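Trainee: Let me give you the structure first, and then I'll get to my questions.
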Amino acid sequence: MRCAGVATALTERGVDVELLVPSSRLDLVHHLAPGVLAAGVVPPEGAALPREVATGLASAQALVVDTFPEGVVGELEGVTTPRLGLLRSRRDAGDSRFRDGLAACRAALDLEPALAWLDAAVDRLAPVARSVATGADEDGSVCLLDGGDEALGQLFDKLGRRLHALGLPVRRRSASGPPLIFAARPRVVVGPAGYNLTYELAAAGIHHLAIPRPRPFDDQTRRARAVAEVFPRPEALERRIVELCLQPEPRPAVETATYDAVASWLIEQLEAT
Amino acid sequence: MSRCRETAGILFQRKCSAPAVGACSQCKKPICQAHGRTYWQSVACVTCLRELIKKQPQHKQSQAHLRDDPYFYWYYVDDHWDDEPYGHDDYRLFDDDGGDFGADDYGGWEGT
């Protein structure tokens, strides 16, 4: 999502971009960034970069890496193409693997500086987010978004029935991957605390009641506590939903940046090389 | 001018600092505009009306207009609403597993 947005912004400013994504995400990238040359890459087994990718990188002016400056499985070790890092919160930021990858970057940009997760001299920019609320008016609804997570889906089955019994307008969104665009603004979204969802809701001023989900590198709990609202029990979550539905309150503003701002930083770095 | 002494909220109790505009016909405490409700020919506070609705079910019918009042929302909810408690798996979703939450959930390129 983030790279598709950044690649689109770079392309619009005349930069030749090739976007490398896992093959399973290629359709999504074509949808998100139709004007960008994208290639699906089969995830490497072990730490070997696929040959066609290595060949392509050798002729590139720069390699922009998202989240994993060292490569997800260390596959960027030995790659000499100048590397620029776009970083978001990583639980393992203190590990040597991450540190080595960061040291290999010519420059890096922390896209979650407010979480204070990275103790390193890097540039900083507010989190990037698209506009997801395209409808002009809020419809007062509660959106339960499980993102394809089975455990969340089961909770939302019950929560949705209970809210519906109270007469509250409830909508379910189950699909994972497709872009989250609302035809009308919900008042509340209940869902995980991944990067895109969290900051897109923050940018749109929609209340985000978060249920952090386990991820191998991403620290959803830290992000949810800093940006969204978290709850100790489902009953507390339920009460907050009802409270927001009965007595609407504006969500405090959270600073976010545009993909174009990231593109500007990248162009600046490219011009400096 | 005296201050409102009603503490009832929609979900949580809190002190009210608004100026009182009258007194509750039941308990006589000073109440503000937001905390007063018409009760027959007089005015009653939220707390007293809630007690009446709870203890004397006939008031639920005679005061049915309160169904749409946020302060009385929970007093008009279906009695069976609370019959479906959340299960163990649901509560586990709210467990705070600390800084390593998900660290062993390795999914390579797909699990980021």
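Trainee: If amide hydrogens are placed 1.01 Å from N in the peptide plane, which non-local residues have theirs closer than 5 Å to the one on A:Ala257?
Mentor: Hits under the 5 Å cutoff: A:Val128, A:Ala129.
Trainee: Here's another thing I want to ask about it. With +1 assigned to the C-beta of every Lys and Arg and -1 to the C-beta of every Asp and Glu, and no other charges, what is the dipole magnitude of the protein assembly as shown about the Cα centre in debye, to the nearest 20?
Mentor: Approximately 2180 debye in magnitude.
Trainee: Taking +1 at the Cβ of each Lys and Arg and -1 at the Cβ of each Asp and Glu, which of A:Leu244, B:Ser2, A:Leu20 sits farthest along the dipole of the protein assembly as shown towards its positive end, judged by Cα position relative to the Cα centre?
Mentor: Projecting each Cα onto the dipole axis, the largest value belongs to B:Ser2.
Trainee: Which value, in debye to the nearest 20, describes the size of the charge dipole of region A:1-107 about its Cα centre when Lys and Arg Cβ atoms bear +1, Asp and Glu Cβ atoms bear -1, and nothing else is charged?
Mentor: The calculated dipole for region A:1-107 is roughly 320 debye.
Trainee: Mind listing the phi-derived Karplus ³J(HN,Hα) values for region A:231-245, rounded to whole Hz, using 6.51, -1.76 and 1.60 with θ = phi - 60°, and x for any glycine or proline?
Mentor: 9, x, 8, x, 5, 5, 4, 4, 4, 5, 4, 4, 4, 5, 6
Trainee: How large is the charge dipole for region A:133-246, taken about the Cα centre, if only the Cβ atoms of Lys, Arg (+1) and Asp, Glu (-1) carry charge, to the nearest 20 debye?
Mentor: My answer is approximately 200 debye.
Trainee: Okay, moving on. FRET efficiency for B:Ser62 and B:Tyr91, Cβ-Cβ distance as r, R0 = 30 Å, nearest 0.05?
Mentor: 0.15
Trainee: Moving on to the next point. So for the pair A:Leu37, A:Thr80, with labels modelled 7 Å out along Cα→Cβ, what separation do we get in nm?
Mentor: A separation of 2.3 nm, rounded to one decimal place.
Trainee: I would also like to ask the following. Tell me, A:Val230, A:Val15 in order of fewest to most beta-carbon neighbours within 10 Å?
Mentor: In increasing order of surrounding Cβ atoms, one gets A:Val15, A:Val230.
Trainee: Testing the spin-label approximation: label points 7 Å from Cα along Cα→Cβ at A:Asp27 and B:Arg3. State their distance in nm.
Mentor: Here the answer is 6.2 nm between the modelled labels.
Trainee: Would you work out the relative contact order for chain A, in percent, from Cα pairs under 8 angstrom that are 6 or more residues apart?
Mentor: Relative contact order for chain A comes out at 16 percent.
Trainee: Can you check how the C-alpha radius of gyration of chain A compares to 2.2 N^0.38 Å, as a plain ratio?
Mentor: For chain A, the normalised Cα radius of gyration is 1.06.
Trainee: Which ordering of B:Trp74, A:Trp117 is given by a fewest-first count of other beta-carbon atoms within 10 Å?
Mentor: Fewest-to-most Cβ neighbours within 10 Å comes out as B:Trp74, A:Trp117.
Trainee: Could you pull out every one of the lysines with an alpha carbon less than 26 Å from that of B:Lys28, ignoring same-chain neighbours closer than 8 positions?
Mentor: Candidates past the 8-residue exclusion: B:Lys15, B:Lys54, B:Lys55, B:Lys60.
Trainee: Could you run the Debye sum over the Cα atoms of region A:1-96, one equal point scatterer each and no solvent, and tell me log10 of I(q)/I(0) at q = 0.18, 0.19, 0.21, 0.24 Å⁻¹, two decimals?
Mentor: Debye output, listed in q order: -0.90, -1.01, -1.23, -1.51.
Trainee: Also: Compute the orientation-averaged projected area for region A:103-146 from the convex hull of its Cα atoms and round it to one decimal in nm².
Mentor: 5.7
Trainee: Report, ordered by chain and residue number, the lysines lying within cross-link reach of A:Lys158, taken as a straight Cα distance under 26 Å and ignoring same-chain residues fewer than 8 apart.
Mentor: A:Lys158 reaches no qualifying lysines.
Coordinate-derived values only; no laboratory data. Everything numeric here is computed off the predicted structure, so don't read it as measured data. Quick reminder, even Gly has a Cβ in these numbers, built from the backbone with ideal geometry, and neighbours come from all protein chains shown.
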